[in-house]
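The values are calculated or read from the model by the stated rules, or taken from the named source; none is laboratory data. These numbers come from a predicted model, not from an experiment. Every residue, glycine among them, receives a Cβ derived from its backbone with ideal geometry; neighbour counts consider all protein chains shown. Accessible surface areas use protein heavy atoms only, side chains included; no ligands, DNA or RNA. Shrake-Rupley method; radii C 1.70, N 1.55, O 1.52, S 1.80 Å.
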Amino acid sequence: MKTLFSTTTNSLGQPIAYPHGGTPEVIALFVEMAPGEETGWHHHPVPLLGYILAGELTVYQAGGEKREVRAGEVSLESVNVVHKGVNEGAVPLQMVVFVAGLKDVPFTIEDEAPLEEKTG
């Protein structure tokens with residue numbers, strides 16, 4: 001067995017906090033993004049992590065922070081912080097996403113672009 005990732009905080013240093021107030025639900029998704037494709041601005045109200053199988057993902061936080069996640073790396077996303085993911089690479093991105101959420105509660109919520117992007 002090989003540990004791929006272990007942490008007590010997410011990508012922004014927020015302590016991991018599991019959701020309360022509903023029926024717990026774990027979801028696993030396979031996500032593909034073509035070169036140049038992006039997610040749009042959004043946030044997650046629950047913990048979500050992605051394991052990059054191929055390609056790379058650039059994550060932009062609304063506060064201006066930028067980080068890159070490459071094949072073989074894991075990203076534990078920020079909670080309740082607006083961000084977007086962009087495949088700025090030359091090959092398709094493939095990743096497995098795991099959500100620790102609540103049944104019947106969306107794990108991704110669309111947001112508007114930050115003011116600096118709207119006026120930039």
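Do you know the relative contact order of the chain, to the nearest whole percent, from alpha carbon pairs under 8 angstrom that are 6+ apart?
Across the chain, relative contact order equals 37 percent.
Of all the Cα-Cα pairs you can form in region 4-103, what percent are over 23 Å apart?
The calculated P(r) of region 4-103 puts 21 percent of pairs beyond 23 Å.
Within straight cross-link reach of residue 2, meaning Cα distance under 15 Å, which aspartates and glutamates are found once same-chain residues fewer than 8 apart are removed?
Hits, sequence-local ones excluded: 73.
Report, in deg cm²/dmol and to the nearest 500, the calculated mean residue ellipticity at 222 nm for the chain, where each DSSP H run with n ≥ 4 adds -39500 (n - 2.57) and the sum is divided by the residue count. List each step's numbers first, then the result.
Details: 1 runs with 5 residues, N = 120.
Mean residue ellipticity at 222 nm (helix-derived): -1000 deg cm²/dmol.
Express the carbon and sulfur contribution to the solvent-accessible surface of the chain as a percent, rounded to the nearest whole number, probe 1.4 angstrom.
57
Can you work out the accessible area per residue across the chain, with the rest of the protein chains kept in place, probe 1.4 Å, in square angstrom?
For the chain, the per-residue accessible area is 59 Å².
Which trypsin sites (Lys or Arg not before Pro) in region 42-120 sit in a loop by DSSP (not H, G, I, E or B) and have at most 14 other Cβ atoms within 10 Å of their own Cβ?
103
Taking 7 Å along the Cα-to-C-beta vector as the label spot, tell me the residue 105-residue 34 distance in nanometres, rounded to one decimal.
Those two pseudo-labels are separated by 3.5 nm.
Heavy atoms only, 1.4 Å probe, whole protein assembly: order 20, 44 by accessible area, highest first. Before the final figure, lay out each step's value.
Working: 20 160, 44 10 Å².
Output order, biggest surface exposure first: 20, 44.
Could you compute the net charge surrounding residue 23? Neighbours are other residues with a C-beta less than 10 Å from the C-beta of residue 23; K and R count +1, D and E count -1.
Values: positive: 103; negative: 25, 104.
Here the count lands on -1.
Give the calculated FRET efficiency between residue 6 and residue 41 to the nearest 0.05, with a Förster radius of 35 Å applied to their Cβ-Cβ distance.
With R0 = 35 Å, the Cβ-Cβ based efficiency is 0.75.
Convert each backbone phi in region 41-56 into a coupling constant with the Karplus relation 6.51 cos²θ - 1.76 cosθ + 1.60 (shift: θ = phi - 60°), then list the ³J(HN,Hα) values in order as whole Hz, x for Gly and Pro.
The phi angles translate into 6, 7, 9, 10, x, 9, x, 9, 10, x, 10, 7, 8, 8, x, 8 Hz.
For region 71-120, go through all pairs of different Cα atoms, get the mean of 1/r, take its inverse, and jot down that Kirkwood value in Å.
Evaluated on region 71-120, it is 14.0 Å.
Cα to Cα, under 15 Å, and not fewer than 8 places away if on the same chain: which aspartates and glutamates meet these conditions relative to residue 66?
Qualifying aspartates and glutamates at Cα under 15 Å: 38, 56, 77, 88, 116, 117.
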